[in-house]
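The values are calculated or read from the model by the stated rules, or taken from the named source; none is laboratory data. Quantities reported herein were computed from a predicted structural model and do not represent experimental measurements. Ideal geometry is used to build each Cβ from the backbone, glycine not excepted, and the neighbour counts take in all protein chains shown.
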């Protein structure tokens, strides 16, 4: 089985700030979410956890897997998508013509990244390589895998697996904080 989970809430989530690659820790609510998820999903069989190295994902993994003998492996390919100069911007949707909003409204049209940001092609490339090189071989061995990451990064994996990479369906699944989603 393959499971995926988004990190718990952060202060930037609460303020509707774009996080991207900025390394923001969980807030108290996010820690409580991870603890609640730990109790709710305690009986889900997991052999290995792959995790983004960003602190909000690492904290979520540590809390979620507390008391279980499950290795956590950090991989840079699981970092959140980079949003360049828009990281830290609060409520981008209230800014008329804000170019990063194209990604959230029409990801299939987001062909050029914002200044200093990451392209959707790059995000799909690195997450696809992770699936091909790490996940699929272990699934073939019968392993139960958990990926703990981020909204856009997780959506790229979900989009590839469930929708064949159809970018117009990028956000269709929705990636709530600390909800375990079974993909395969």
- prompt: Any chance the stretch 68-80 includes a residue that's closer than 27 Å to residue 101 by Cβ and exposed (fewer than 13 other Cβ atoms within 10 Å of the Cβ)?
  reply: yes
- line: In the stretch 2-45, anything within 22 Å of residue 76 (Cα to Cα) and part of a loop (DSSP other than H, G, I, E, B) is listed as 7, 8, 9, 18, 19, 20, 21, 22, 23, 24, 25
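Filter the helices (runs of 4 or more DSSP H) completely within the stretch 101-144 down to those with at least 1 residues that are in contact with a helix residue (DSSP H, G or I) (Cβ under 8 Å, 6 or more places away or on another chain), in contact (Cβ under 8 Å) with a residue 12 or more places away in the chain and surrounded by 19 or more Cβ atoms within 10 Å (Cβ to Cβ).
Values: elements: 101-105, 120-130, 136-140.
Output list reads 101-105, 120-130.
Look at residue 54 and say whether it is closer than 17 Å to residue 177 by Cβ, out of contact with any strand residue (DSSP E or B) (no Cβ under 7 Å at 6 or more places or on another chain) and surrounded by 14 or more Cβ atoms within 10 Å (Cβ to Cβ). Explain how you work it out, then say what you get.
On the way: closer than 17 Å to residue 177 by Cβ: yes; out of contact with any strand residue (DSSP E or B) (no Cβ under 7 Å at 6 or more places or on another chain): yes; surrounded by 14 or more Cβ atoms within 10 Å (Cβ to Cβ): yes.
Yes; evaluated as a whole, the condition is true for this residue.
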- prompt: In the stretch 50-84, which residues are part of a helix (DSSP H, G or I) and either closer than 21 Å to residue 126 by Cβ or modelled with pLDDT under 95 (or both)?
  reply: 55, 56, 57, 58, 60, 61, 76, 77, 78, 84
field: Those residues of the stretch 171-184 which are assigned to a loop (DSSP other than H, G, I, E, B), surrounded by 15 or more Cβ atoms within 10 Å (Cβ to Cβ) and in contact with a strand residue (DSSP E or B) (Cβ under 9 Å, 6 or more places away or on another chain), in sequence order
entry: 173, 175, 178, 180, 183
task: List the number of the failed condition for residue 25; all other conditions in (1) surrounded by 13 or more Cβ atoms within 10 Å (Cβ to Cβ); (2) within 14 Å of the chain's Cα centre (by Cα); (3) at negative phi hold.
output: (2)
query: Are any of the residues in the stretch 82-98 without any contact (Cβ under 8 Å) to a residue 60 or more places away in the chain, more than 26 Å from residue 11 (Cα to Cα) and out of contact with any helix residue (DSSP H, G or I) (no Cβ under 8 Å at 6 or more places or on another chain)?
result: no
- prompt: Residues in the stretch 154-170: is at least one outside any loop (DSSP other than H, G, I, E, B), without any contact (Cβ under 8 Å) to a residue 40 or more places away in the chain and farther than 20 Å from residue 77 by Cα?
  reply: yes
query: Is the stretch 19-40 home to any residue that is farther than 23 Å from residue 156 by Cβ, free of Cβ contacts under 8 Å to residues at least 60 places away in the same chain and in contact with a strand residue (DSSP E or B) (Cβ under 8 Å, 6 or more places away or on another chain)?
result: yes
- request: Test residue 161 against the criterion of being on the phi < 0 side of the Ramachandran plot, surrounded by fewer than 19 Cβ atoms within 10 Å (Cβ to Cβ) and modelled with pLDDT of 95 or more, and give yes or no.
  value: yes
